[in-house]
Structure formats: C-alpha cells, structure tokens
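Trainee: Pasting a structure below so you can have a look.
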Amino acid sequence: AKSAAAAQASHEEAQASVATLWDELRDARAKAQSADDACREITKLARQEAAKSDRLAASEAAALSEAREFSAELSALRATQAQAASPPKRPVSTMGSNGKPSSGKS
C-alpha cells in the first residue's frame, strides 16, 4: 500500500512537472512568435528606409547634375557677356614710327 501511494504521488508529481513544461513551452513559443513578428517589422522598416535612401540619393544626383549644367551655362553666359563688353580688338599695326612698314627688327 505504501509503494502504491508512493507510486501515485510520484505519478502526480510527474504529471504536474509535464504540465509545467507544457506551459513553459507555450510561453516560449509565444515569445518566439513575438520576436519573429518584431524582426519582420524591423526588416520591413529597414527596407522602407533603404528605398527612401535610394530615392534621396537619386534626387541628390539629379540635383548635382542640374547644378553642373547650370554652372556650365552660367560660365558660357559670362564669357559671352565679357566678350560683348570688351572693346573690339584692333589689329596690331606693323607700321614703324616713321610711317613705313616695319621689318620686325628694332
């Protein structure tokens, strides 16, 4: 009778232990699912940020290209204005001080 009672107590203790293990397993699964969900959300946000970064980089490249074009046009315009503002160039005279053509010698 003592051994039957001990066996019964041992069996009940084992059942309680198994029930506790099942509870712990459910908790662990719930935590793992939460962690998995958080990882998916982080991955989604990271992809969105990467797409924003790519769009920003493309926008910056386009703005830089446009600025270079503008700078080239501005330089050309300034050169044209400088040319228009300067007096016309006269051909260098080849006449000597005596009014005769210079021989190129001093």
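Trainee: Measuring from label point to label point, each 7 Å out along Cα→Cβ, what is the Gln8 to Gln48 span in nm?
Mentor: It works out to 6.1 nm between the two label points.
Trainee: Kindly give Rg over Rh for segment 1-82, based on alpha-carbon atoms, with the Kirkwood expression for the hydrodynamic radius. Don't skip to the end; give the middle numbers.
Mentor: On the way: Rg = 35.0 Å, Rh = 19.6 Å.
My calculation puts Rg/Rh at 1.79.
Trainee: Accessible area per residue of segment 1-67 at 1.4 Å probe, in Å²?
Mentor: Details: 5710 Å² over 67 residues.
Accessible area per residue, segment 1-67: 85 Å².
Trainee: Quick one: net charge of Asp23's neighbours, Cβ under 15 Å, K/R +1, D/E -1?
Mentor: On the way: positive: Arg26, Arg29, Lys31; negative: Glu24, Asp27.
Around Asp23, the surrounding residues sum to +1.
The values are calculated or read from the model by the stated rules, or taken from the named source; none is laboratory data. Predicted, not measured: the structure shown is a model, and the values here were computed from it. Because the Cβ atoms are built from the backbone with ideal geometry, glycine has one as well, and the counts that use them run over all protein chains shown. Side chains are part of the model used for accessible areas, which takes the heavy atoms of the whole protein and leaves out ligands, DNA and RNA. Shrake-Rupley method; radii C 1.70, N 1.55, O 1.52, S 1.80 Å.
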